[in-house]
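First comes the structure, then the notes that go with it.
The values are calculated or read from the model by the stated rules, or taken from the named source; none is laboratory data. Just so we're clear, the structure is a prediction, and the values are computed from it rather than from any experiment. No Cβ is skipped: glycine too gets one built from the backbone with ideal geometry, and neighbour counts run over all protein chains shown. To get the accessible areas, we keep the full protein, side chains included, count just its heavy atoms, and leave off ligands, DNA and RNA. Shrake-Rupley method; radii C 1.70, N 1.55, O 1.52, S 1.80 Å.
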Amino acid sequence: MYDDKFLPQLSQNLLEILEDNEFYDTTIEVGNDPYVKTFRAHMVILNYRSSYLRRILSTYVNKKKNDGILAHIKLPNIQPEIFQMVLRYIYGGRLSLEEYDTSDIIKILVASSELNLQELITHLQSFLIENKKNWMEQNFNLIYKTSFENTSFIELQNFCTELMSKEPEKIFYSNDFNSLSENCLISLIQHDEIKINVIQVWEHVLKWGIAQNPELPSETSSYSKDDFITLKNTLQQLIPFVNFFNLTSKEYIDKVHPYKKIIPKDLRENLFRHFMDQSNNNPEPDITKKINSTAISSVQKNPSIEKDFNIIVDGINHFIHKLLNKGINYEIVKQKVIEYFSDHNINEHDIYNWLLINQISTNSIFLLGYFNYYGIVTSLSKEKAFNLFIDASEKNHTLAQFFVGRCYKYWCGTIENDKLAFEYYEKAANKNYTPAQLEIGDRYANGIGIEKDIKTAFYWYEKAVKNGNIVAMHNLGHYYINGKGVEKDNNKAFELFKQSAEGGCTNGITMLGYCYDKGIGTKIDKLKAFELFQNAANLENKVAQSNVAVMYEKGDGITKDIDKAIYWYEKSAEQGHEEARDSLRRLQNNNL
């Protein structure tokens, strides 16, 4: 617009105010010892430019001007030189990104998130993606960690996800590949675009594992027994995802055999038989292999017999691990496991019969327990499931440890014991297993099996959120909306509920509707609130069902309809919602 010609001068004048030391009323202490710097600023500008700073400054608003008290803010998590750049943006709306190193732009982005400068957050992400794509590919781990440690960096999260999906080989050759987290590397090597190149996958998995243990000798020939054990422990969660059966015999002998001691014994034996078969006039690599006929004598001949049962079992374990990690409902996970068999042309009876006589690997022990826990193929037996989970958990199987915790929690195959439930959940949580982190958070929040500690609960919920758990996002949203264990922040609460809802959590959908209904972290939008309540209600969420009923009863943003209100109150009351029961009685009495 023509009037925009005045903006550069306005920006310059505001920057001059920043540099003027006479009329300031706020000091901002930035950084940690020994790198601390104090900036002088003006409350009125900070108040309107940053909602985060506004909340802090609100405690000074009612102080009299003549009492000589300045507002003083501490920002220990931001480097002084980074804050100086951000402060110039706050005052003058200026930030010449071309002048800065990309690593500094990342730091500016993180600082902008802490100060809740949403406009700048959006701009910085777009700038990085449009102008610094190659740099981010070369420093993937930094971008990945930064983006998924902050719920505001959606564009960067999408960038990472797309790169992992479409061009994963670029990550193998990034500068900070060795710094990738285990979970990130597992996600990477599963993509179809990369897992077909087994040698490349194996070499980079080895490279990563060795980098985690810099004390290992440079030559494999110099490895001691303890060195192999160290490397084996580091790679135990990754090795099941390397498809060794697609190697040629020469590739296996040259690249894998020198590290045979880190391969689980049962897998090593299967590989030996597989490559012996190859040398006996079956040289073409294939994931299929012969299965000992005595081991499957009770199984009728069908296509699933030709598949490697170990690979199938490992795949199902990972599938369960991934769904629960996200926060998917347990019954839905069970149903998806059953669908998994059909989708992959696997006969679940064949798998079950094979598991009965092949309880060597921890994955096979756990999966047999899972079949018994849910009555898949066999009769439901919580006691058998519990004993199998205990067996696998003692061999350090993370999923089994988590399910032992569930058994103690819900009295499944054993006595109820909150302390033992906590102990097993804690074992899995300390291995960064997200559902266990969520459970530990719940237990600290409610004082179950451990002394109640809101701050520690918040800590565990936050870890689960960083790992993408949609239930933890919902729980943490409540902490921000209520100011429980953390400073109240409606904007963060809204973003967490939004992410939880987008992931399919019905409680998250309900709370996002509540935010739109009450104008929490967003503008009031009754129609949007009703739409979200209705979606969650259709998914059998009793709170959402009650909320839909309330909106129909009051005609709040929608057409009043008492019959529909009664219908939804009944649905909610049937699930035990007390307020819905009371409202239902009231409406029914009024209609008598």
> Would you pick out the residues in region 5-59 that are under 22 Å from residue 77 (Cβ atoms), over 34 Å from the mean Cα position of the chain (by Cα) and charged (D, E, K, R)?
Replying inline: 37, 40
>> Within region 426-433, does at least one residue satisfy the condition of being assigned to a loop (DSSP other than H, G, I, E, B), open to solvent by 30 Å² or more (accessible area, probe 1.4 Å) and at positive phi?
In response: yes
> Under the condition of being closer than 16 Å to residue 89 by Cα and among the charged types (D, E, K, R), which residue from region 23-51 is least open to solvent (accessible area, probe 1.4 Å)?
Replying inline: 49
>> For the structure I just gave you, tell me whether residue 141 is surrounded by fewer than 15 Cβ atoms within 10 Å (Cβ to Cβ) and assigned to a helix (DSSP H, G or I).
In response: no
> Does residue 533 qualify as being among the aromatic types (Phe, Trp, Tyr) and within 20 Å of residue 576 (Cα to Cα)?
Replying inline: yes
> In region 195-236, what residues are of a type in the set (A, V, I, L, M, F, W, C) and either closer than 25 Å to residue 397 by Cβ or buried (at least 17 other Cβ atoms within 10 Å of the Cβ) (or both)?
Replying inline: 198, 201, 202, 205, 206, 208, 210, 216, 228, 229, 231, 235
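Go through region 503-525 and count every residue that is without any contact (Cβ under 8 Å) to a residue 12 or more places away in the chain and not small (Gly, Ala, Ser).
Residues in region 503-525 being without any contact (Cβ under 8 Å) to a residue 12 or more places away in the chain and not small (Gly, Ala, Ser): 4 in total.
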> Given the residues 463, 484, 455, which is the only one that is modelled with pLDDT under 95, open to solvent by 40 Å² or more (accessible area, probe 1.4 Å) and under 18 Å from the mean Cα position of the chain (by Cα)?
Replying inline: 463
> Taking interchain pairs and intrachain pairs at least six residues apart, which have beta carbon atoms under 9 angstrom, with the first residue in region 411-423 and at positive phi and the second assigned to a helix (DSSP H, G or I) and open to solvent by 50 Å² or more (accessible area, probe 1.4 Å)?
Replying inline: 411/382; 413/382; 413/383; 413/384; 413/387
>> Just to verify a result, which residue in region 77-121, among those that are of a type in the set (A, V, I, L, M, F, W, C) and not in a helix (DSSP H, G or I), is surrounded by the fewest Cβ atoms within 10 Å (Cβ to Cβ)?
In response: 95
> Within region 531-541, is there a residue that is in contact with a Phe, Trp or Tyr (Cβ under 6 Å, 6 or more places away or on another chain) and open to solvent by less than 40 Å² (accessible area, probe 1.4 Å)?
Replying inline: no
> Tally time: how many residues in region 377-406 are touching a residue at least 40 places away in the same chain (Cβ under 8 Å) and open to solvent by less than 10 Å² (accessible area, probe 1.4 Å)?
Replying inline: 2
> How do the pairs read when you match residues in region 155-167 that are free of Cβ contacts under 8 Å to residues at least 12 places away in the same chain and closer than 16 Å to residue 126 by Cβ with residues anywhere that are assigned to a helix (DSSP H, G or I) and hydroxyl-bearing (Ser, Thr, Tyr), using Cβ under 7 Å and keeping only pairs 6 or more apart or on different chains?
Replying inline: 157/147
> What are the residues in region 407-425 that are buried (at least 20 other Cβ atoms within 10 Å of the Cβ) and either hydroxyl-bearing (Ser, Thr, Tyr) or part of a helix (DSSP H, G or I) (or both), if any?
Replying inline: 407, 408, 409, 421, 422, 424, 425
> Could you list, in sequence order, the residues of region 373-401 that are polar (S, T, N, Q), in a helix (DSSP H, G or I) and closer than 21 Å to residue 416 by Cβ?
Replying inline: 387, 393, 401
